[in-house]
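J.: This is the structure I want to talk about, given as structure tokens.
What follows draws every value from the coordinates through simple rules; no lab data is involved. These figures come from a predicted structure and were not determined experimentally. Cβ atoms come from the backbone with ideal geometry, glycine included; neighbour counts cover every protein chain shown.
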Amino acid sequence: MQHRTLALAVLLLAGFLDLLGVTIVTVALPTVTADLAATASQTQAVLAGYTLTFAVGLISGARLGRLLGVRRAFLIGCAGFTVASLACGLAPSATFLVGARILQGLFAALMIPQVLATIQLMYEPTERAKPMAAFSALLGIAASAGPILGGLIIGLDLFGSSWRGVFLVNIPIGLFILLMGLRTLPASKPERVHLDTTGLGISAASLFMLIYGLSALAENGQTAIGLVTIVAGSTLFAAFIAQQRRSERRGGHPLVPSTLRERGVFRSAMAVQLLFFIPVMGFSLVVTQYVQSSLGYTALLAGLIVLPWAVFTGVGAGIGTTTLLPRFGRRVVQAGFVVMSGGIALVVAAVSVTSGDPAFWMLLPGSALGGLGMGLVVGPLTEISVSQVKREHASDASGLFYSVGQLSASFGFATVGGVYFAVSAEISDYATATIAALAIAIGVALVAALVSFKLPLRYVAAHQAAGEVRPLSS
């Protein structure tokens with residue numbers, strides 16, 4: 001039992017390390033930009049390069065784990081992630097850093113699916129609730145605590161590392177995970193599985209085009225290129241869906257099985273998830289940039305701005321999942337988006353109504369309210385998404401849901417972040433750029449609240465939906 005608990009701790013630490021790799025970097029971007037003379041596009045690519053390659057690679061990461069053996073795939077992914085982190089920390093240029101981040105995202109995509117798969121190997125179905133809850137909680141903490149930890153590392157400036165420390169900190173953690181993983185993780189045999197390389201290639205190309213197109217729209221003089229690229233990416237994505245259906249009809253092994261594509265509740269939750277992290281990641285990026293560039297805050301103070309968001313995310317997730325979801329169903333998710341919009345609007349008000357620069361405390365209520373709204377969405381939405389997925393498809397569903405979340409984060413950096421960088425570069429007014437970008441975030445959150453009407457009105461736990469009660473009505 002103790003051995004299994006240690007193995008679970010290793011897996012949870014790996015999940016924490018991955019998401020930290022996204023959020024810890026946001027607060028370091030002004031320092032990175034100044035030190036490496038990065039352009040606005042390169043600055044966004046430092047973030048989106050990781051999340052996009054992770055999202056695309058995650059789709060097939062679970063199958064690679066079965067092909068290589070879950071334990072071996074996890075250790076290879078962790079080792080590659082650690083080496084890529086070293087490359088990021090030693091990057092001599094912005095272009096090199098973007099390339100290292102893409103490599104980091106690919107190895108993370110191999111490592112993370114094995115976390116969920118190993119939990120399934122170690123725990124019986126009746127035992128999995130607690131380890132899965134711990135995994136979800138830790139991810140929520142990492143998402144919100146990243147800017148705080150990043151600000152602390154930059155502020156300490158150990159050995160003159162400056163922003164490089166936010167990447168180099170991964171090295172001792174990664175080595176610890178490797179050492180403990182070798183000692184504690186259960187062995188697993190490779191399986192004979194098929195990889196849909198055609199589908200993977202088409203989906204990767206389409207998503208890269210969409211992200212690039214969205215980023216280009218925010219660049220001066222790049223509107224036409226952005227629109228053409230978005231149309232091309234959308235066309236390729238439609239081709240990907242057609243290829244998946246054709247592959248299954250011919251007895252192939254598509255990346256997205258029809259059992260998931262045609263499951264109404266899961267499909268609706270995926271649509272909400274695709275929008276969810278756009279305002280979340282956009283807010284974190286824009287606010288930490290604004291207070292450093294315009295108000296002259298240190299990286300640590302910038303991270304502390306989102307501390308209330310982190311605290312209240314945990315509060316909202318706990319209340320939303322255990323108390324409110326069974327009673328109010330999808331209304332909890334809808335209320336969460338409205339509350340999150342209200343929190344971001346409070347920050348917009350603080351930036352816009354002050355005659356001079358807003359005081360530190362003026363930004364905290366909006367951060368707290370936004371975090372509460374995020375918490376009311378993140379836990380309940382995850383529960384709803386898998387409530388009617390059959391057990392044999394749980395791994396594919398979890399990987400796909402996680403992948404869409406990472407893709408949403410990429411869209412957030414490209415759209416909300418893109419607007420901020422474009423406006424601030426054009427008129428050198430950080431306050432106006434912040435207001436414009438956060439207005440986009442509010443709009444997306446409210447659209448997500450409307451899309452949430454596609455979720456089932458009531459919620460029934462997964463084991464009940466499997467046969468103990470009648471199916472949910474949408």
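J.: What is the extension gain from THR432 to HIS253, computed as 0.36 nm multiplied by their sequence separation minus the C-alpha to C-alpha distance, in nm to one decimal?
T.: This chain segment gains 59.5 nm when fully extended.
J.: In debye to the nearest 20, how big a dipole does the chain give about its Cα centre with +1 on each Lys and Arg Cβ and -1 on each Asp and Glu Cβ?
T.: So the dipole magnitude of the chain works out to roughly 1700 debye.
J.: What does the extension gain come out to for ILE225 and HIS194, with contour length at 0.36 nm per residue minus their alpha carbon separation?
T.: Length gained between ILE225 and HIS194: 7.5 nm.
J.: With runs of 4+ DSSP H residues as the only contributors, calculate the mean residue ellipticity of the chain at 222 nm using -39,500 (n - 2.57) per run, divided by the residue total and rounded to the nearest 500.
T.: That comes out to -26500 deg cm²/dmol.
J.: Further, regarding this structure: Sequence-distant or interchain residues sharing an amide H contact under 5 Å with GLY69, placed H: which?
T.: Placed amide hydrogens put GLU191 under 5 Å from GLY69.
J.: Moving to a separate point now. Between LEU158 and VAL338, what FRET efficiency comes out of the Förster formula 1/(1 + (r/R0)^6) with R0 = 41 Å and r the beta carbon distance, rounded to 0.05?
T.: The calculated FRET efficiency here is 0.45.
J.: Evaluate the relative contact order of the range 1-186 (contact order divided by residue number), counting alpha-carbon pairs under 8 angstrom at least 6 apart; express in whole percent.
T.: 39
J.: Please arrange VAL32, VAL280 by how many other C-beta atoms lie within 10 Å of their C-beta, fewest to most.
T.: Neighbour counts put them in this order, fewest first: VAL32, VAL280.
J.: For a Förster distance of 41 Å, can you work out the FRET efficiency between the beta-carbons of LEU450 and TYR123, rounded to the nearest 0.05?
T.: So, using R0 = 41 Å, E works out to roughly 0.65.
J.: Which log10 I(q)/I(0) values does the range 197-254 give at q = 0.22, 0.28, 0.31 Å⁻¹ under the Debye formula, counting every alpha carbon as one identical point scatterer?
T.: After summing over all Cα pairs, the log10 values are -0.74, -0.97, -1.09.
J.: Work out from phi, with θ = phi - 60° and the Karplus expression 6.51 cos²θ - 1.76 cosθ + 1.60, the ³J(HN,Hα) of each residue of the range 292-297, listed in order in whole Hz, and give x for Gly and Pro.
T.: Whole-Hz 3J(HN,Hα) from phi for the range 292-297: 7, 6, 9, 9, x, 5.
J.: Consider the candidate values (i) 48, 28, 19; (ii) 37, 25, 22; (iii) 32, 26, 23; state which one is semi-axes √(5λ) of the Cα gyration tensor in Å computed from the structure displayed.
T.: Among (i) 48, 28, 19; (ii) 37, 25, 22; (iii) 32, 26, 23, the one calculated here is (iii).
J.: Answer with one residue from THR322, LEU36, ILE344: the one whose Cα lies farthest towards the positive end of the charge dipole of the chain, charges on Cβ with Lys, Arg +1 and Asp, Glu -1.
T.: Farthest towards the positive end: THR322.
J.: At 0.36 nm per residue, minus the direct Cα-Cα distance, what do LEU6 and THR39 gain on full extension? Give it in nm, one decimal, please.
T.: Length gained between LEU6 and THR39: 7.5 nm.
J.: Right, another one. How far apart, in nanometres, would the label points at LEU274 and LEU67 be if each is projected 7 angstrom from Cα along the Cα-to-Cβ direction?
T.: The two pseudo-label positions are separated by 2.6 nm.
J.: Can you compute log10 of I(q)/I(0) for the range 292-346 with the Debye formula, treating each Cα as one identical point scatterer, at q = 0.31 Å⁻¹?
T.: Cα-only, vacuum Debye calculation for the range 292-346: -1.17.
J.: How high is the relative contact order of the chain, given as a whole-number percent (alpha carbon pairs under 8 Å, six or more residues apart)?
T.: After rounding, I find 21 percent.
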